[in-house]
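One structure below.
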Number of protein chains: 4
Amino acid sequence: MEQEIKFSVVIGAFGDQADRFCLDGYKNINKTLEQLFIDASKIKDLSGVELVGNIDMPDKEVQDIKRLKEKYNLDITCIVVDIFTRAYWGRGSITSKDKSVRQRAIDGIKRYMDIAKELDCNLLDIWPGQDGYDYYFQSDYLKDIKNMVLGLKECADYRINVKIGLEFKIKEPRTHCYMSSIGKTLFLLDKINKENVGIIVDVGHSLFAYENMAETVALCKYAGNKLFHLHLNDNYGYWDDDMMIGSVHIPEYLELLYWLKKIDYSGWYSLDIFPYREDGIKAVNESIQMLKSMISAINNIDKEEIENIISSGDATKALALIRRMLFK
Amino acid sequence: MEQEIKFSVVIGAFGDQADRFCLDGYKNINKTLEQLFIDASKIKDLSGVELVGNIDMPDKEVQDIKRLKEKYNLDITCIVVDIFTRAYWGRGSITSKDKSVRQRAIDGIKRYMDIAKELDCNLLDIWPGQDGYDYYFQSDYLKDIKNMVLGLKECADYRINVKIGLEFKIKEPRTHCYMSSIGKTLFLLDKINKENVGIIVDVGHSLFAYENMAETVALCKYAGNKLFHLHLNDNYGYWDDDMMIGSVHIPEYLELLYWLKKIDYSGWYSLDIFPYREDGIKAVNESIQMLKSMISAINNIDKEEIENIISSGDATKALALIRRMLFK
Amino acid sequence: MEQEIKFSVVIGAFGDQADRFCLDGYKNINKTLEQLFIDASKIKDLSGVELVGNIDMPDKEVQDIKRLKEKYNLDITCIVVDIFTRAYWGRGSITSKDKSVRQRAIDGIKRYMDIAKELDCNLLDIWPGQDGYDYYFQSDYLKDIKNMVLGLKECADYRINVKIGLEFKIKEPRTHCYMSSIGKTLFLLDKINKENVGIIVDVGHSLFAYENMAETVALCKYAGNKLFHLHLNDNYGYWDDDMMIGSVHIPEYLELLYWLKKIDYSGWYSLDIFPYREDGIKAVNESIQMLKSMISAINNIDKEEIENIISSGDATKALALIRRMLFK
Amino acid sequence: MEQEIKFSVVIGAFGDQADRFCLDGYKNINKTLEQLFIDASKIKDLSGVELVGNIDMPDKEVQDIKRLKEKYNLDITCIVVDIFTRAYWGRGSITSKDKSVRQRAIDGIKRYMDIAKELDCNLLDIWPGQDGYDYYFQSDYLKDIKNMVLGLKECADYRINVKIGLEFKIKEPRTHCYMSSIGKTLFLLDKINKENVGIIVDVGHSLFAYENMAETVALCKYAGNKLFHLHLNDNYGYWDDDMMIGSVHIPEYLELLYWLKKIDYSGWYSLDIFPYREDGIKAVNESIQMLKSMISAINNIDKEEIENIISSGDATKALALIRRMLFK
């Protein structure tokens, strides 16, 4: 029997999206949080949402989220702690050269561990996107990596019943981010060495770091069931385009989805897309339909048969397998 | 009624493939030309083959090819003039700093225009892969580009009833090749300004120069029906991996195949793959099956409907279209 | 005698810089236009500035710019017509599927041709950054390219005494921009075929499209003195990082600067940098000092000697030349 | 007092270089091993050479190398065990699906541990370039990674007084290599967990995996002095071009060389270049001169001053520092 797949989305997908040229956004819309929940609730395949939370979020707002999540019957699947959208994070959060900024980041993460419990959520997404550098001779790599490990250890110890998922990304907004790739993050994980710290694979980040998404999730398995969560989207392989799923990488997605099944991943399939010029609801819905079609294509073929092809190492059989999944 | 698609292949796909580390090839096979023809003849969807021809090919060999092509009932769809595999081409052919090398290249191309006619073939592939540079301050870009245009003009005039297809590629074997992209080649085409000179799009070269293959063939159309021929393969987008078709880029291929139909391309669908570690016959055959499946998926949807989606510019509809082509 | 180099800067370098994650900017500053002019006037090597101009700029503002330019004794070297920062440009300007948007773009460009004259400036920068596409099956490449050529022809004819410089860029904000590379832009130039239309090379755009900047400006020369203007910055080669000059590419810059001299480029050396986390004045000043140091290093070596090395094609000599320029 | 730098080279740089198009090499030379040693001995700054050793090397040849190394007074700094140039390695060595091939690789590595001692060399370079995959659904990532760790553990235990340096590379000859990046290799190192296993950083491999070379060596330090050896070359950042040093990346090299000093790296500075179309002796010599010039430029500036700039995190100061290193 196939496992039931649960879909979630980073709720910002229903809002406006901007970039450095069009700073006011491409849609000229300004939705309230409740409107975003309403949009999410319209998509029948969705059963959860993710939020990005600023560290100064007032308690009142937390209560409001609690209300909305119940009203619209949506789980809070993960909270992305905002250590990247404000000017004061611009030169780093947990690896800032400024001790007070590092502490602010750590305190913010701890506070969100409390908030998470309050919202029946047991996973934080820590994406240290501003923690890196842009120019040569600008950073002491040794000091910074030590601070990163120390800071994350401290957070992990604060509440062992909330999971911390590390989300890696090779660049943007810095030209070089410290937590860059699956390899580096697994290495850091060894140094941090805490049960409740694992990985959130944003598959787009994998793609544009020239990783193979399936191998990436397999490595999380190898490291001891460290795949805590998934962010799904697509891109052209050179930048974090955050496109709708399946726009570019169909065979790669088929293999990923097969491996998620193979390693018994039981977490959420959470979308993280930026539909800059598209209708958010349609973009999320179409992405889910694509995922469901691909999952169904995989499930239509006997697992043993797939394993035999993989074991053979024969690329012509592998391609024929992909063709069968897609065209009949 | 759908147009009939004719498939061809660069015949080396059935031989051995080597690279700079494994110079003797991955297969330890050493087939005669006839054996390559035999392999090609085993694939029922193939009706033509392409050859790479060294400029010193003896007439006897030409006669041999003629015999083989007839014996195995295969068209010679295109001849790639070898201006790239010998040490003496290492620093350029038609743009060499050495006048005698430039002349040798031009003479070789002319000779192949004669040979082409002899083989009932009316298309040469000119890929100036060694014409470029590797280091800064190593080349006089102005002189070289002038020589390229002059040389190609001279060739074009030699026999106006043989077509010269320019095949662009951004790099490899040089780190920078002059005939790098569709844009640059169309610009050169304007300067050359000859009826019988056009473009051969190797779609893999497009892909790893961050072109969109469909836009690339559309531009050939815009330039005045200048798409003379196609080389089909696939890659990961960063290098000329010369993989089997559909291994990586399914949606991009669907769009390409649609546009070939839209611009009434009536030439060959010729494979140029390097199945380093795969059986050549299986690799070619699987590539053709993938192409046929994709073409059929496109033809199953009404052209007007596709045109309406394109006209709408709505990416969510475009993705739904791709999903319908693939999954039902 | 060496030609005098004139430096300019896109004036936004002195303001705040934002990106899609930190939308309010990394500096928390909000300078008036006059403050930006004051900043520019503090850098003694600067004699001009560039502005980005929204198509709805009131006449009053034009008069204000005129006043500032005179007060601070700075030339307006170029005006970048804003066809990319507003939501209504999001799906294209001169190639929009919506005729009224296309007309709005054309009218805006024409209006800026008038404004340019008013400001003693004779060059517009047309960067159609939103003119492209993100997804497959989303665009009719043939229609769009025809509209681009038609629109630019109409603009060019409006005032033949104002130059239009086309600035190409391969991606961002669209994943695929039509005016992508030097080759494509030169091809379009042939189709537009107007005296007053030429090229603005943003060298960073060249770099991350895997062009060699020196070859790119040489091609502009080859096309008939079509290098109208330069945007200078640096990046890591994969994205438009808009970094300070010389941060990454020193040998490539040396070759570029040599070729600008070789082709007798007499225009401005205009900086287009985004010092997100840096002080704008220091970043612009340091970039200019780097440029001056590199130009001086080139001028210290006899031109004939450099030409001999280039003619030899010997990369070891070329590298020794670079070493001599840098280290003694 | 500055530490003395010792230079070495992979000896093949003096021979011929070939690629997949020009399989017979660009130089038409065929030197004996002794001739390569003679070439190396002509470069006064060289005091060591590296060899690539086929696993079937006869003992007689080992004795010959011993004789040559003494005759020409050159250290054997490292031996690269050939697990990548023969057809039988084509689908992997230590991760081959075929147990007998895995054993052959392990046995070959062990044999070279013996040979190394015989040649007064205490370092092997293990570069599993064929261990990876090309197509989706072609490999069992979990099995393969387990075999890699097991195999390397077995080798490490064989002789604890010979060091094994793991050389990572993201691709080529496979489109995806398992030992891809510094992060992944450090993670594997943790799993292998042997004193005598560490890292060989080929800086070109770092570059084209979008790593910063200085950060990469810093991470080796952080992992416990795990930088065993260096391979130096340069490239354009997208492929392993194996160019002469300083051809492209000057500021990045300055930072790297500074960090090697900062982390007290005391090993060899070994060149690994492919001068396809250049004279080998000149190419090696020019690379060393460039290195020496860069090292001297760094040493001319007070270490404390550099540290202060790094601590400030101010990119404008960092760039001014680079400018001072280069232009005065």
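Comparing B:E255, B:E305, B:E286 in a Gaussian network model of chain B where C-alpha atoms under 10 Å apart are linked, the largest mean-square fluctuation is found at B:E305.
Sorted from shortest to longest, the distances between the B:E195 label points of this copy and the other copies are 3.4, 8.1, 8.2 nm, with each point 7 Å from Cα along the line through the beta carbon. For the range D:226-238, 3J(HN,Hα) computed residue by residue from phi via the Karplus equation (6.51, -1.76, 1.60; θ = phi - 60°) reads 9, 7, 7, 6, 10, 10, 10, 5, 9, 7, 7, x, 10 Hz, glycine and proline entered as x. Hull volume per residue, based on the alpha-carbon atoms of the range A:202-321 and their convex hull, is 108 Å³. In terms of the Cα gyration tensor, with a ≥ b ≥ c the square roots of its eigenvalues, is the range D:174-216 rounded because a/c is under 1.5, prolate because a/b exceeds b/c, or oblate? In terms of gyration-tensor shape, oblate.
What shape does the protein assembly as shown have by the C-alpha gyration tensor, where a ≥ b ≥ c are the square roots of the eigenvalues, rounded means a/c under 1.5, and otherwise prolate means a/b greater than b/c and oblate the rest? Judged from the Cα gyration tensor, the protein assembly as shown comes out rounded (a/c under 1.5).
The solvent-accessible area of A:R91, taken with every protein chain present and a 1.4 Å probe, is close to 120 Å². Between the range D:184-242 and the range A:1-49, the alpha-carbon centres lie 40 Å apart. Shortest first, in nm, what separates the label point of D:G224 from those of the same position in the other copies (7 Å along Cα→Cβ)? Going from nearest to farthest copy, the values are 1.6, 6.9, 7.0 nm.
Considering only D:Q138, D:V203, D:H176, the residue lying farthest towards the positive end of the dipole of chain D is D:Q138, judged by Cα position with unit charges set on Cβ.
Each copy carries a label point for A:S266 at 7 Å from Cα toward Cβ; from one copy, the others' points are 5.3, 6.2, 7.7 nm away, ordered from shortest. Check the straight Cα-Cα distances from D:K194 and name the aspartates and glutamates below 20 Å, setting aside those fewer than 8 residues away within the same chain. The qualifying aspartates and glutamates are A:D190, D:D107, D:D114, D:D125, D:D144, D:E154, D:D157, D:E167.
Solvent exposure of A:Y88, expressed as accessible area, is near 70 Å², computed with a probe of 1.4 Å over the protein chains only. Expressed to the nearest 5 percent, the antiparallel share of DSSP beta bridges inside chain C is 10 percent. Among complete DSSP H helices in chain D, those whose alpha-carbon atoms stretch at least 27 Å along the helix's long axis and whose mean Kyte-Doolittle hydropathy reaches -0.5 are D:280-299. Over 19 Å apart at the Cα level, from the set B:K153/B:K261; B:K184/C:K221; A:K184/D:K169; C:K171/C:K282; D:K6/D:K44; A:K97/D:K317, are B:K153/B:K261; C:K171/C:K282. Considering only C-alpha atoms, what is the centroid distance from the range D:57-132 to the range B:55-103, in Å? If we compute the Cα centre of each part, the gap is 39 Å.
Label-to-label distance for C:L33 and C:K146 is 3.9 nm, based on points extended 7 Å past Cα in the beta-carbon direction.
Taking a straight line from the alpha carbon of D:K60, these lysines sit under 28 Å away, with near neighbours fewer than eight places off in the same chain left out: D:K31, D:K42, D:K69, D:K71, D:K110, D:K117, D:K163. For chain B, modelled as a GNM whose springs connect Cα atoms under 10 angstrom apart, the maximal fluctuation among B:L150, B:L207, B:L227 occurs at B:L150. Placing C:S312, D:S266 in order of accessible area, with the largest value first and a 1.4 Å probe, yields D:S266, C:S312. Annotation: D:C121 carries an accessible surface of approximately 0 Å², with a 1.4 Å probe and no ligand, DNA or RNA atoms counted. Reducing the range C:295-316 and the range B:261-300 to their Cα centroids gives an inter-centroid distance of 49 Å. When D:T77, B:T85 are compared by accessible area at a 1.4 angstrom probe, the order from most to least is B:T85, D:T77. Mean-square fluctuation check for chain D, GNM, Cα pairs under 10 Å: which of D:K194, D:K169, D:K42 is largest? Largest GNM mean-square fluctuation: D:K42. Computed from point charges on the beta carbon alone (+1 for Lys and Arg, -1 for Asp and Glu), the dipole magnitude for the protein assembly as shown about its Cα centre is near 0 Debye.
The values are calculated or read from the model by the stated rules, or taken from the named source; none is laboratory data. Only a predicted model underlies this, so the values are computations on that prediction, with no experimental measurement involved. Neighbour counts are summed over all protein chains in view; Cβ atoms, including those assigned to glycine, are modelled from backbone coordinates with ideal geometry. When the accessible area is computed, the model is the full protein with side chains, heavy atoms only, and any ligands, DNA or RNA have been set aside. Shrake-Rupley method; radii C 1.70, N 1.55, O 1.52, S 1.80 Å.
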